[in-house]
1. State, to one decimal in nm², a quarter of the convex hull surface area for the C-alpha atoms of segment 152-212, i.e. the direction-averaged projected area.
2. Pick from Arg148, Arg238, Arg259 the residue whose mean-square fluctuation is largest in a GNM of the chain, springs joining Cα atoms under 10 Å.
3. Over the chain, what relative contact order in percent results from Cα pairs under 8 Å that are six or more residues apart?
4. About the Cα centre of segment 201-309, how large is the charge dipole given +1 on each Lys and Arg Cβ and -1 on each Asp and Glu Cβ? Please answer in debye to the nearest 20.
5. Sequence-distant or interchain residues sharing an amide H contact under 5 Å with Ile195, placed H: which?
6. Want the number for Val165 to Ala52: 0.36 nm per residue separation, take away the alpha-carbon distance, what's left?
7. Apply the Karplus parameterisation 6.51 cos²θ - 1.76 cosθ + 1.60, with θ equal to phi minus 60°, to every residue of segment 320-336 and state each ³J(HN,Hα) to the nearest whole Hz, in sequence, with x for glycine and proline.
8. For segment 106-136 and segment 312-347, what is the centre-to-centre distance using only Cα atoms, to the nearest Å?
Amino acid sequence: MVFLAELIRGFLQAVSTLLTVQSSLSRNELRERLANAALELVDIPSESGQEAGIADHVEARLAASCPSGLAVTRDGNAVLALPAGFVPGSGIPLVLFVGHLDTVPAQENLPGRIRDEQVHGLGAADMKGALSVMLELAAWVSDGHRERALDAGFLFYDKEELPVVQSGLTPLFRSHPEITSAGLAVVMEPTGGEIQAGCLGNIQADVVFRGRSGHSARPWLAENAIHKGILALADLSRLEPVDDVVDGLTYREVCSVTRIGGGLASNVIPDEMSAHVNFRYSPRRSPEEAEVRLRELVPGDEVTVVSNASGAMPGGDNPLLERLRDVSGASVTPKQAWTDVAQFATRGLDAVNFGPGDPRLAHTREESVSIDALVDTFDVLSRFLVTS
């Protein structure tokens, strides 16, 4: 009997070891696939307005890995993949995973590379790492042999890094109204593994300060627009962030000068100075209220609002959001940026930010994403779709 017990114990330990090794190999294989896919995406240049090549790549990947499980549609440089035969409002709830294809301009960070367990390069964090997870998840969903509690759709779009009036997402709400039937949109911006709710509003504005030109040897006969602008912007440079607590989450209003220009020649008093100002405002403010506040902060001779994208309130009572929170174990924090959750919110669709990558690395020369973060995000989202 003792011998039999020892034999059974040894057998169970062997099975356990085998399962552990298989699980480890599976994770290692997933790491390799996700890392290589992310690097491949990084190496496809896709600065805003130049996304045709990466849209071709995504469309081809989806067509090859999802031959029957998902219906793939190309719309300009956007690619939409929904469950085959999807009918809005029927069947199990639909979760829409959303990612943008474009990046900001390169900063000598192409081509990409894999080093120190990270994928490095332009857009790695924002958000080509997330795109690799979306493509892998789409293939996993299309397998068809898994019982899922939720259905999944995937939306890849262009021109997110441009002002919202140029966004490639906006026209898709008209051409594909079925996307608004989703129970939740997961916008896969980099969040460092947190669930980031809501988002700030975003005003881009041009400010002009006017003076009177003259000879720099007799400045008292002129009015220096640059000096005038510097004095007017001095208070803005000293402005501290303003915190606004909304549903227990703290959003920080900030206003910054991001570009400046002026001057005609080295011996001419300038009669004009221009500045570009970016105001990120609390989701509690309406776009109209935010414009009034901007003009209080920046008393220029001429203030032209180039773009004004409203923010999104957190909205935490969606059961699918609660489900994601439970599966991930992630904390819910405010999104200290503008994202397209606002576009979904204005159309009555609950949306949340959740994706791999450190948001502090977005748009930096040193942009990268951890391979472990890619695997962990895939693991959370796959369990989110099957967990009852």
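No value in this document is a laboratory result; all are computed from the given coordinates. All values derive from a computational prediction rather than experimental measurement. Backbone-built Cβ (ideal geometry, glycine too); neighbour counts: all protein chains shown.
1. Values: hull surface 28.2 nm².
For the Cα atoms of segment 152-212, the hull's average projected area reads 7.0 nm².
2. Largest GNM mean-square fluctuation: Arg238.
3. Values: 825 pairs, mean separation 90.0, N = 388.
Over the chain, the number comes to 23 percent.
4. On the way: 12 positive and 16 negative charges, 75 e Å.
The dipole of segment 201-309 has a size of about 360 debye.
5. Residues meeting the criterion, in which the H sits 1.01 Å from N, are Ser331, Thr333.
6. On the way: separation 113, 0.36 × 113 = 40.68 nm, distance 1.96 nm.
Extending this stretch completely gives an extra 38.7 nm.
7. After applying 6.51 cos²θ - 1.76 cosθ + 1.60, I find 5, 5, 4, 4, 4, 4, 5, 5, 7, x, 7, 7, 9, 10, x, 8, 8 Hz.
8. One Cα centre to the other: 24 Å.
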